[in-house]
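What follows is one structure encoded as C-alpha cells, with my remarks underneath.
The values are calculated or read from the model by the stated rules, or taken from the named source; none is laboratory data. Because the structure is a prediction, the values reported are computed rather than measured. Cβ placement follows ideal geometry from the backbone for every residue including glycine, while neighbour counts extend to all protein chains displayed. Heavy atoms of the whole protein, side chains included, go into the accessibility calculation; ligands, DNA and RNA do not. Shrake-Rupley method; radii C 1.70, N 1.55, O 1.52, S 1.80 Å.
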Number of protein chains: 2
Amino acid sequence: MPEPSPSPAETKPRRRAGRPVGSVLDKAGITAAALALVSKKGYDGLTMAALAKSLGVAPSALYNHVGSKDDVLRLVEEDLMSQVDSSVFGSLPWEEAVKSWAYSYRDIFSAHTPLISVIAVLPVTDAPQTLAMYEAVTEGFLRAGFPEDRIIPCIVALEAYIFGAAFDATAPADIFDSGKLAESTPHFTAAVRSLGPVNYPSDLAFRMGLDALVAGFGALRG
Amino acid sequence: MPEPSPSPAETKPRRRAGRPVGSVLDKAGITAAALALVSKKGYDGLTMAALAKSLGVAPSALYNHVGSKDDVLRLVEEDLMSQVDSSVFGSLPWEEAVKSWAYSYRDIFSAHTPLISVIAVLPVTDAPQTLAMYEAVTEGFLRAGFPEDRIIPCIVALEAYIFGAAFDATAPADIFDSGKLAESTPHFTAAVRSLGPVNYPSDLAFRMGLDALVAGFGALRG
DNA sequence: GTCTATAAATGAATGCCATTCATTTATCTC
DNA sequence: GAGATAAATGAATGGCATTCATTTATAGAC
C-alpha cells in the first residue's frame, strides 16, 4: 500500500477517497448551504452539483444524507416554516395576529415560490416545524372562540391565499400591460391605468383580500 | 444526387430530411398535442422529445415554431384560459357570477398546477385569451358598480386565492396526518380529527374563503 | 483487542433533458 | 428561373439528478 505522495502546495486541499476522519456533512449543514446558495443564485442555481461544491464535497456524497433533491427542498421548507412568526397569536388580538402571521408567511415564501409546488402537496407528517406552526395557529383560533371543526378549513383557505399572493409578489410591475391588444380590451386597460404609475398593486391587493378573509372568518367565532 | 432507395414496407413511414411537401407542424397542433400528452402522462411526461414523438416529428423541428419549452407552456396556458367560463358575468348577478367564474378557473387549473408558476409571473401582453378573460371580468365588476381603481386589486386578490386553491385541490387526503408527532400538537390534531373521515377539506375551505372574499369585496360597490 | 459490519467519502459512469447547428428539401417572391 | 426563406432531419452539446463500485474510517460484537 504505497502512500501516494501528497501534492505539495495544492490550493484546493483535495480530500482523497474514503471516509474522512471528521464527518463533513449533516442535514443542518446541507440546509444552510442550500439556503445560502438560493439566496445568492436563486432556485435555478440550486443544483446538487452546486450544492456539493459549496460544501466542498462530491455530488454523490450528498446522497448519504438525503434521498433526493426533493429531500433538500423539504429541508429548506422546514427551515423557512420555523421562521414564520406565529408567536403573535400569543400577544395580539385574533384579527391582528392572523394578519401579522399572514404577512410574515407571505413575505418569507415570496422569495421561495419554487418551494410552493412541493409544499402544498406535501404530507405534514415528518415536518415538525411545520406542525409547530399549525399548532400555534390552531391554538390562536381556539382562544379566539372558533368552533373546532371550522379551524382547519379557515387555515387551508388562508394558506391558499398566502401561497397565491407569494407568487404575485414576484410578478413584474408591467405584468398587466395589454400592449398591442389594448384596443380590444378597453375596460380592463382603463382599470389598469386608473391605478396610476404603480400598475401592479400586489400589496394593496394582498391587504384587501386579507381584510376580507379575516372579516368573513371572524364572524364564525362563537 | 442519387435517389435513396425507399426502404420497402417500413412500418414507420420515416420522413426524409428536408422541408416536407405539406406542413406538418403549427402552433395549434403543438398546443393540442401538448394538452393530450399532459392529460395522458402528466407534466412530467411533457418533454420536448415526447411532444415531438407524439407529433411524428424530430424534436428539433419544434423549434421552428416555438422558441423554447416555456413557449409551449404559454400556448397551453392560453388554451386553458379560453376555457375558463367568464360568460357568467353577462347572465348572473355579480356575487354568483364571481363565484361561478372562480370555481371554473380553479377547476381547470387544479389539473395544471405546474403552469401556475409560469403564468403568475407572465406579462399578459401577448396573451389574447387571457386578456379577453380579464376584459370580461372587468366589465362584470364595472356593471356591478365597482369604482374603476378597485377592480384590478380585487381581481389580483381573487386570482391569488384561486391559484393557491388549485394547489390544494391536488393535495392527498392525508396531508394533515400528524403521525408520530400527534402528541406534541394536540390542538391541531384534534381540529383535524373533528373534520371526520374527510381530513382535507379542500372544497369546504374553498367555498368558505370565496364567500368571505366576495362578501368583503361586494361592500366596495358604489 | 481484533473482526466485522456499516457509514461516509470519491470518482466514474448512466440516462434524460432542452437546445443548437449543419444539412437537406420545398416553397415563396422578385 | 434565381435567390431567399421556411421547415424538416439527424447529430451533436452541455447540464442535470442519480447510481454504483471503490476506498477509508469508525462503532459495536465477541
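Structure above, values below:
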read-out: Conditions (1) more than 13 Å from DNA strand D (Cβ to nearest atom); (2) open to solvent by 20 Å² or more (accessible area, probe 1.4 Å): number failed by A:F89; value: (2)
read-out: Any chance A:R74 is within 16 Å of DNA strand D (Cβ to nearest atom) and open to solvent by 60 Å² or more (accessible area, probe 1.4 Å); value: yes
read-out: Some residue of region B:118-128 being at pLDDT below 90 and among the polar types (S, T, N, Q); value: yes
read-out: Residues of region B:92-109 classified as away from chain A (no Cβ under 14 Å) and either of a type in the set (A, V, I, L, M) or within 16 Å of DNA strand D (Cβ to nearest atom) (or both), total; value: 3
read-out: Failed item in (1) open to solvent by 50 Å² or more (accessible area, probe 1.4 Å); (2) farther than 24 Å from B:T113 by Cα; (3) in a helix (DSSP H, G or I), with B:N64 passing the rest; value: (3)
read-out: Of all residues making up region A:32-54, the number that are crowded, with 19+ Cβ neighbours inside 10 Å and more than 13 Å from DNA strand D (Cβ to nearest atom); value: 1
read-out: All helices (runs of 4 or more DSSP H) inside region B:110-222 with 1 or more residues being among the charged types (D, E, K, R) and at the interface with another protein chain (Cβ under 7 Å from one of its Cβ atoms); value: B:128-143, B:148-169, B:202-218
read-out: Filter result for the condition that a residue is open to solvent by 50 Å² or more (accessible area, probe 1.4 Å) and either of a type in the set (D, E, K, R) or at positive phi (or both), over B:E148, B:E159; value: B:E148
read-out: Single match in A:A212, A:A205 (criterion: in contact (Cβ under 8 Å) with a residue 40 or more places away in the chain, in contact with a helix residue (DSSP H, G or I) (Cβ under 7 Å, 6 or more places away or on another chain) and crowded, with 19+ Cβ neighbours inside 10 Å); value: A:A205
read-out: Number of the exception - A:H65 against (1) within 13 Å of DNA strand D (Cβ to nearest atom); (2) at pLDDT 95 or above; (3) out of contact with any Asp or Glu (no Cβ under 8 Å at 6 or more places or on another chain); value: (3)
read-out: Within region B:23-54, tally of residues that are modelled with pLDDT of 75 or more and not in a helix (DSSP H, G or I); value: 6
read-out: Filtered residue count, region A:48-95, keeping only those that are closer than 30 Å to A:G140 by Cα and among the polar types (S, T, N, Q); value: 5
read-out: Flag if A:T138 is within 24 Å of B:G145 (Cβ to Cβ), polar (S, T, N, Q) and open to solvent by less than 20 Å² (accessible area, probe 1.4 Å); value: no
